[in-house]
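Heads up, the thing below is written out as C-alpha cells.
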Amino acid sequence: MAGLVLAGAVMAGAVRAAEVSAGWAVTDVGLHEDGGGLVLGLGSRTTLKPATWDLVTALEYVQKRGAQPTWFADPVDFLVLADAEVTLHVLQPVALVELTSVSRPWPRPYAGLSVALKVSEQWSDFPGEPSSAWGYKDLDFAAHLGLTREVGPLRLDVRYSPGLTGQLVADPTSGAPDKAEDPLPGVAEPTEGARLSHWQATAVFTF
C-alpha cells in the first residue's frame, strides 16, 4: 500500500533537475584502519506532491578503503610486518527522500536506501604469505541519513551510510588461518560478518 502511495506521489510530481556530485568518503570496512576514497554520482530530482518533499534517485560510485597490519611469512626475512590494504570499487543505485520545506539557512535532512554492488576488490601486493586473509561479499544494502544545504551555485551534502548486512568473510582461497597466530598489541582483529559503514561529503551541481 505504501509503495502505491509513493508511486502515485512520484507520478504527480515533475522532474525538476539533473544532478552530478563529487566528493570524498571515509569508510570502516571492518579492518583496523579506515580509509578514504572518491565518490561520484549522477542522478535526478523529482518534486513530490505536496511539494514539501523531493525524491532523489542516483547512481553512485564509491571507493571504500581500509588497512590491516598483518604478519607475512617470507622465506628470506621469516616474518614481515606490513599493511594489507584493500580498495572496494562499489556501484550503488540510491533512492533518497529529502524534506524541502525547511527554511534557509538551515540544512535540509534526508534519508533513503541503496543497493551496493561490489564491482572490484583490490588488495595491495603482499610481501609473503599473510597470517590472515579476508574478502568481501558482492552484494550489500545500506541506509542513508544526511543533511544538505545550498551554497551559491552548489549544494553541499554530508551523509552517514551504515551497511545493513554482514560483508567481511575469511578468504577461502588464501589457505591462511582466520586469525593471526601472533596478534599485534593495540591492533583490532577483524571480525567475520562485520558490516561496512562510511561518512561522505560531496558537492552537488544541479542543472
Once amide hydrogens are built 1.01 Å from N within the peptide plane, the residues lying 5 or more places from Thr100 or on another chain with amide H under 5 Å from its amide H are Trp53, Asp54
Angle between the Cα long axis of helix 2-12 and the longest principal axis of the chain, 0 to 90 degrees, nearest 10? 50 degrees
Rounded to whole Hz and in sequence order, give me ³J(HN,Hα) for the stretch 105-121 from the Karplus expression 6.51 cos²θ - 1.76 cosθ + 1.60, θ = phi - 60°, writing x for Gly and Pro. x, 6, x, 9, x, 8, 8, x, 9, 8, 9, 9, 10, 6, 8, 8, 10
Taking R0 as 35 Å, what's the FRET efficiency between Ser101 and Thr165 from their Cβ-Cβ distance, rounded to 0.05? 0.55
Ordered by residue, what ³J(HN,Hα) values in Hz, to whole numbers, does the stretch 136-143 give under the Karplus form 6.51 cos²θ - 1.76 cosθ + 1.60, where θ = phi - 60° and Gly and Pro are x? 9, 5, 7, 10, 9, 10, 9, 9
For a quick protection proxy, order the peptides 65-76, 25-36 by their average other-Cβ count within 10 Å, most packed first. 25-36, 65-76
Distance between modelled label sites at Thr206 and Asp138, nm, 7 Å Cα→Cβ extension: 3.8 nm
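Apply 1/(1 + (r/R0)^6) to the Cβ-Cβ distance of Ala111 and Ala73, taking R0 = 41 Å, and write down the FRET efficiency to the nearest 0.05. Intermediate results must be reported in sequence, preceding the final value.
Working: r = 47 Å, r/R0 = 1.14.
With a Förster radius of 41 Å, E is 0.30.
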Plugging the Kirkwood radius over Cα pairs into Stokes-Einstein for the stretch 2-206, at a temperature of 20 °C and a viscosity of 1.002 mPa s, what D comes out in µm²/s? 114 µm²/s
Spin-label pair Asp83/Ala17, simplified geometry with 7 Å Cα→Cβ offset, distance in nm: 3.7 nm
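Read the figures in this text as sums done on the coordinates, not as results from a lab. Please read these numbers as outputs of a predicted model, since none were measured by experiment. Quick reminder, even Gly has a Cβ in these numbers, built from the backbone with ideal geometry, and neighbours come from all protein chains shown.
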